[in-house]
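Heads up, the thing below is written out as structure tokens.
The values are calculated or read from the model by the stated rules, or taken from the named source; none is laboratory data. If you're wondering where the values come from, they're calculated on a predicted model, not measured in any experiment. Here the Cβ is made from the backbone with ideal geometry for all residues, glycine too, and neighbour counts use every protein chain on show.
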Amino acid sequence: MNKLDGILLRVFIYELPILLIWFISIFALGLATAAQNNFYAEIWYDFGGCFILSSWMIITIYLSIRLIVSDVLRDKILSKLILLRERDEREVKLTGEATKTTMLTTLAVLLLLFCLSCFQFSISYLPTEQMIDGKTKEISLGLSLNASEHSQAASSDQDQVNNIISYSGLPVSNTMLIIGIIGWQVLSYNYSMKHKFK
């Protein structure tokens, strides 16, 4: 790990609590509104948003790229993050088994999320003119496979009234999915290691 990586890593860690306080003041204390009337709130709003958040995001992108290409940095940082210890041959073997388990369970979770994001399902009332043999409801199944995000056309008021149940993909954002997958990997690895050490 070179000197620049060490400095940026410290800045990354030290800025985290400042950002946490900034986000709490934005969402819980209404900093955006207060910044329009109060000079000090405006300075805190601009300083946190423009300087701290921007620098933290740039450092995060840099460190992410370095983690991908640098073996030394990856071993130092990620081993501390997931509490990785390899003190003897047995622990090296257990680490390999836990890593394999984590990789396979993560792959299974990703396959499940892929299926849930493609699958579409709805049950709705049929308009009177479309009823066949007195049937009043229809079931609709579908698949949606898109290479890029696009805003779907808003359904009409009539469609919303007719719908009984409607599912058109995962109800969470991409950001939350990525955070969930990262959390799953760390927790899955640590759980596997504890289970194998018993």
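Candidates in the stretch 21-67 are the residues that are more than 22 Å from the chain's Cα centre (by Cα) and within 29 Å of K3 (Cβ to Cβ); of these, the one that is surrounded by the most Cβ atoms within 10 Å (Cβ to Cβ) is G48.
Residue under question is K100, and the condition is that it be part of a helix (DSSP H, G or I), free of Cβ contacts under 8 Å to residues at least 12 places away in the same chain, in the same structural domain as Y191 (by TED's automatic domain parsing) and more than 20 Å from G183 (Cα to Cα); does it hold? In short, no. Considering only residues in the stretch 115-133 that are outside any loop (DSSP other than H, G, I, E, B) and either at pLDDT below 70 or in contact with a helix residue (DSSP H, G or I) (Cβ under 8 Å, 6 or more places away or on another chain) (or both), the one that is surrounded by the fewest Cβ atoms within 10 Å (Cβ to Cβ) turns out to be Q130. Whether a residue is modelled with pLDDT of 80 or more, out of contact with any Cys (no Cβ under 6 Å at 6 or more places or on another chain) and either of a type in the set (A, V, I, L, M, F, W, C) or not in a helix (DSSP H, G or I) (or both) was assessed, and I77 does not pass this test. Among the numbered conditions (1) within 23 Å of Q185 (Cα to Cα); (2) assigned to a loop (DSSP other than H, G, I, E, B), the only one that L29 does not meet is (1).
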